[in-house]
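These notes are about the structure you will find just below.
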Amino acid sequence: MSNTVIFRKKVFGTARLNVRFPNANVLLLATLEGGLLQEKLEEAIVRVSKKHLLMNSNINVDADNAVWYEINNGMKPAVYCTQDTKDLDKIMIAELKTPFNLEEGPLVRFNIMGTEDKTHLLISCHHAICDGLSLVYLANDLLTAIAYPEKEINGAAKPIVQDESAIPEKVKKGFLMKLMINSMNKKWQKRDLPFTKVMYTDIHTEFWKKHHPGIIRWGLSKEQTSKLVKQSKKNGVTVNTAIATAFVRAQNEISDRQFYSDDVTVSVSMRDYLEESPEDAMGFFASAVRPALKYSIEKSFWDNAVKFHKQIKSLMTEKNIFDSQVIGFFNPKFLDALVLGRYGKNDDKTVRKMIARKKMDVINTAFTLSNLGRVNVPADFDGLKLTSLMGPVVYGDSMEKYIGVITINGQMFFSISFNQDIVGKDKMEEVKNKVIEYIEQM
């Protein structure tokens with residue numbers, strides 16, 4: 001089939017920055033009892049891509065550095081197959097490092113690993129077209145399509161891609177901020193700022209020479225998960241807050257004190273805040289709030305959790321949730337200059353000030369917690385049993401560690417990616433064991 005562009009829309013906000021970053025891959029790992037044939041997955045991909053149209057997308061950059069999604073009906077995401085499952089973490093780390101061909105697409109790929117008795121399905125996707133929930137919905141639809149080839153996969157006629165219209169009017173910046181942005185945009189529009197494929201490749205290569213990610217994964221038992229949920233409810237906090245409290249306490253007891261030790265990023269989905277809900281469609285709908293969570297050893301675990309719950313809840317406003325997207329109003333040449341400056345390729349004074357003010361060039365977060373919550377995914381797909389779902393797995397150079405959490409069928413699963421040059425795997429295992437210990441003591 002010849003390639004035909006059927007949909008085109010400008011990339012906006014944080015997703016626009018993600019396009020240029022060298023560490024923009026998001027992973028999800030599904031483990032299944034039973035064999036999964038490559039041809040069956042490839043057939044399912046074709047069917048499911050009619051719902052999740054961004055599976056068939058590439059990135060196009062115009063002469064003004066504006067970036068566009070292009071949906072192409074002639075694409076086919078790659079599927080790799082191997083029986084080697086000895087070191088899943090090593091395979092996942094390789095996926096984090098492997099870039100997508102942005103100009104040609106597609107921006108998602110699949111890896112089947114295992115035997116007739118046990119299969120791991122690894123989904124890797126560029127962050128510009130997905131958030132963590134996107135990959136859960138995608139995995140669910142793929143397994144449904146494999147198990148029930150006659151079942152219709154319902155989907156939207158076009159992808160829901162957020163733009164400036166998605167930002168509530170009361171959240172948009174005031175007159176002075178708009179005046180400043182407009183003034184900056186006029187200056188940057190006049191500049192010639194190339195960001196070539198060669199430059200992107202150089203940044204990507206240099207980045208991964210300096211960074212050495214590690215991954216650890218584990219699942220709580222159903223009993224442990226139930227205990228965590230019940231005790232969180234009993235003490236009037238969310239499960240998300242209880243998890244955050246456990247990790248803050250663990251690092252407080254184990255890790256050396258850093259200037260960012262109390263700074264935490266809690267991921268938030270914008271899906272429920274958008275006027276046009278994307279429901280279970282693929283897309284980038286991720287945001288975050290940044291509370292400072294200082295653990296008090298004089299107080300009990302749950303007293304700390306209640307305090308943290310109030311802090312996090314107070315930040316859950318539309319202003320904070322959509323604030324990160326306001327960066328989309330800046331001229332795309334300035335956004336490219338930020339990325340170039342972040343990786344030592346641009347020394348403009350305004351760019352340097354912005355990078356310093358936002359602490360983009362240093363580790364500024366103890367951890368990012370991305371808890372996707374309890375997701376509605378069946379345990380059995382016509383004999384193909386889903387035993388675990390782990391992710392999202394993301395590697396960030398401005399955070400010490402990234403914690404992904406998913407709960408399916410009464411069981412909670414954790415994955416942590418981290419920079420081994422900053423915090424070793426042995427220390428991360430200590431943190432993990434402490435978190436499990438706290439849950440057992442609840």
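Values in this text are rule-based calculations from the coordinates and carry no lab data. The model shown is predicted, which means the values in this text are computed figures rather than measured ones. So basically every Cβ, Gly included, is an ideal-geometry build from the backbone, and we count neighbours across all protein chains shown.
In straight-distance terms, cross-link reach from Lys432 covers every one of the lysines whose alpha-carbon lies under 18 Å from its own, apart from those fewer than eight places away in the same chain; here that gives Lys222, Lys227, Lys401. Note on the chain: with a GNM built from Cα contacts shorter than 10 Å, the maximum mean-square fluctuation among Leu338, Leu27, Leu133 falls on Leu338. Would you mind calculating the relative contact order of region 5-152 from Cα pairs under 8 angstrom and at least 6 residues apart, reporting the percent as a whole number? This gives 37 percent for region 5-152. For the listed residue pairs Lys10/Lys197; Lys50/Lys76; Lys40/Lys76; Lys76/Lys118; Lys178/Lys310; Lys40/Lys197, the alpha carbons are over 23 angstrom apart in Lys76/Lys118; Lys178/Lys310; Lys40/Lys197.
Only Cα pairs under 8 Å and 6+ residues apart enter the sum, and on that basis the relative contact order of the chain stands at 23 percent. Within region 130-215, the trypsin sites (Lys or Arg not before Pro) that combine a DSSP coil assignment with at most 13 other C-beta atoms in a 10 angstrom radius are Lys151, Lys170, Lys190, Arg191. Let me know the charge dipole size of region 5-152 about its Cα centre in debye, to the nearest 20, where only the beta-carbon of Lys, Arg (+1) and Asp, Glu (-1) is charged. Roughly 440 debye, rounded to the nearest 20. Pairs from the list Lys9/Lys345; Lys353/Lys434; Lys86/Lys294; Lys86/Lys307 with a Cα-Cα gap above 31 Å: Lys353/Lys434; Lys86/Lys294; Lys86/Lys307. Taking a straight Cα-Cα cut-off under 14 Å and skipping sequence neighbours fewer than 8 places away in the same chain, the aspartates and glutamates within cross-link reach of Lys97 are Asp89, Asp202, Glu206, Asp397. Rounded to the nearest 20, the Cβ-based charge dipole of the chain about its Cα centre (Lys and Arg +1, Asp and Glu -1) stands at 1680 debye. Only one of (1) 73, 54, 44; (2) 61, 45, 45; (3) 61, 59, 42 was calculated from the structure for Cα extents along the principal axes in Å, and its label is (3).
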